[in-house]
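This report concerns only the one structure given below.
The values are calculated or read from the model by the stated rules, or taken from the named source; none is laboratory data. Just so you know, these numbers come straight off a predicted model, no measurement behind them. Glycine also receives a Cβ, built like all others from the backbone with ideal geometry; neighbour counts cover every protein chain displayed. Protein only, heavy atoms only, side chains kept; ligands, DNA and RNA dropped before computing areas. Shrake-Rupley method; radii C 1.70, N 1.55, O 1.52, S 1.80 Å.
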Amino acid sequence: LPSLSLPSSMHLIQVDSVQRWMEDLKLMTDCECMCILQSKPISVEKDEQNELILSSQYSTCDNLQLLLKRAWIISTELTRIAQKLEKNRWQRVHSMTVRVNCHVRSMINEYNTFTRSSAEEMHQLEKLLIDKCSEFTAFTERCLQTEDEEILRSMKSCVNETLTTVAQYFGQLIELVLTHEAQNLLRQIELSGSLYVTESAISSLFSLAQEGAHLCRIIAKEGGVVALFKICRQDSFRCLYPQTLRTLASICCVEEGMHQLEKVDGIVCLADILTDNSHSEATHAEAAAVIAQITSPHLTFTQHLSSFLENMEEIVTALVKLCQEASSGEVFLLASAALANITFFDTMACEILLQLNAMKILLAACSDKHIVDTPYSRDQVVTILANMSVLDQCASEIIQGNGVQLLMEMLFEKSSSGNPAEVAACERVQQKSAVTLARLSRDPEVADVAVKLSCIPRLIKLCRSPTERNNSDSVLVACLAALRRLAVTSPGGLEDSDFQQLVKPRLVDSFLLCTNMEESFV
């Protein structure tokens, strides 16, 4: 297969297949019409032609979505052509090539209709792509006219090379188009003093950022982070802060965005917003979302956030306050997620949280089902508890706030919907609650409370019953560790068979025993 340079930004939201087919049908039928008309416009009048283009009736954001969808279809078709070519299915290769040719022409016509771009580089690339597509179609047509296998074999390498060139030109054109659109939107944000125009441009920029990491890199490279933080420093745009911060959180998922954030003192700006009580809760929540994004433990490029450590205490203080005063589950989730990530980011954060009575605040929030209302929120709370539990002073706080009872309840966490993301969150809650119990149970008082609350039978059940832990190995390891810690304090709490199988052997042997265990349905 040739190495296709297809844009990495193309992705589709998971929807019902019939719905997807209905959405794509318009594009497909356009393509078939174009095949018959050989890409010639129906109207000769320039001002009438606009009425015939589907995209002209939509906004810039809708036009971009149409462009991205058309580009995704072309990417998919090019990949399928490569697959059919490998199997020497020349008839299919030719018909698909004709279809790609039409899609490319339609995409270029549609884009030029709603942008009227005069960039010379863009027009050159468009011409190169169209010419290469025409050459590709003619090439595959000639392949249909011969049955000589040797000739076809020699032509196949040329077809492969042409396909790779088409994919390369296509990728370059899409990159240029998206860069051009990002530049236009950022120009509007920077130059417009109008609230309406700025809001519309930020909304379109957010939609672009949702298309994936590649788009976020383009936006960051073109100065998107700089422009958005400029908005966040102007009081006249206060009503746009939530929307602007939400867009920033999306862009800062890539390294280029993080570097830009550091260059414009973005951390200082976020700290100022979080600590300014005159801002709305929505603004504080979106600022917390940006903090959660840039401190994510899954990112490998947070080392350069030196200014974060300088502002960490006031940021953590503001986030704890936001958790305490949250009016909804969503606000609490964003604030607690930021705190959870910060506890991974730097151990000093745990000491600050302890001084701020964060343990008491988080435990109290968990008793309010309107605030901590999903496994995702409980996952953030138990992450903070697990990371704080390395501190010796945490034990007394946990006991005073009925924290052991909460950890016991979390060992029963189950998904109500069966949604894969929710199931994964429930597994993390079970695992981290067991880890927290294991760490805290080095304190005899905590271990004694855990035993009285029947934590040992529940841990044994999780070890022995794969369905109770959703067949999760990480939950199993954590439960075995917690069980062994509690067994030291209360050896009488285990039956001999449990002790012999789950506590006495090496951890790896108990793990292997439990993973091979078949459940009894009697």
Next item on the list: Could you give log10 I(q)/I(0) at q = 0.05, 0.06, 0.09, 0.10 Å⁻¹ for the chain, computed by the Debye formula over C-alpha point scatterers of equal weight, without solvent?
Entry: -0.30, -0.43, -0.82, -0.93
Margin query: Treating only the Cβ of Lys, Arg, Asp and Glu as charged (+1, +1, -1, -1), what charge dipole size does the stretch 402-521 show about its Cα centre? Round to the nearest 20 debye.
Written below: 280 debye
Check: If you roll a 1.4 Å probe over the chain with all protein chains in place, what percent of the accessible area is carbon or sulfur?
Finding: 51 percent
Checklist line | Summed residue charge, Cβ within 14 Å of residue 221's Cβ, Lys/Arg positive, Asp/Glu negative | finding: -3
Item checked: Solvent-accessible ranking of 72, 90, largest area first, probe 1.4 Å -> 72, 90
Margin query: Students sometimes get this wrong: rank 115, 489, 198 by accessible area, probe 1.4 Å, all chains present, largest first.
Written below: 489, 115, 198
Note to self: If DNA, RNA and ligands are ignored and the probe is 1.4 Å, what is the ranking of 308, 114 by accessible area, most exposed first?
What the structure shows: 114, 308
Check: Where only protein heavy atoms count, and the probe is 1.4 Å, what is the accessible area per residue for the chain in Å²?
Finding: 47 Å²
Next item on the list: Using a 1.4 Å probe and ignoring any ligands, DNA or RNA, find the accessible area of residue 415 and quote it in Å² to the nearest 10.
Entry: 30 Å²
Checklist line | FRET E, pair residue 513, residue 183, Förster distance 60 Å, beta-carbon r, rounded to 0.05 | finding: 0.45
Checklist line | Distance between the stretch 341-359 and the stretch 416-440 - C-alpha centres, whole angstrom | finding: 21 Å
Check: If we restrict to alpha carbons, what Rg and Dmax does the stretch 57-178 come to, in Å?
Finding: 15.5, 52
Notebook entry, point to check: With every protein chain left in place, what is the accessible area of residue 156 in Å² (1.4 Å probe, nearest 10)?
Noted result: 40 Å²
Margin query: Going by Cα centres, the stretch 120-181 and the stretch 230-288 are how many Å apart?
Written below: 44 Å
Check: Taking 0.36 nm per residue of separation and subtracting the Cα-Cα distance, what length does fully extending residue 300 through residue 414 add?
Finding: 37.9 nm
Notebook entry, point to check: Which value, in Å² and to the nearest 10, is the accessible area of residue 378 when all protein chains are kept and the probe is 1.4 Å?
Noted result: 50 Å²
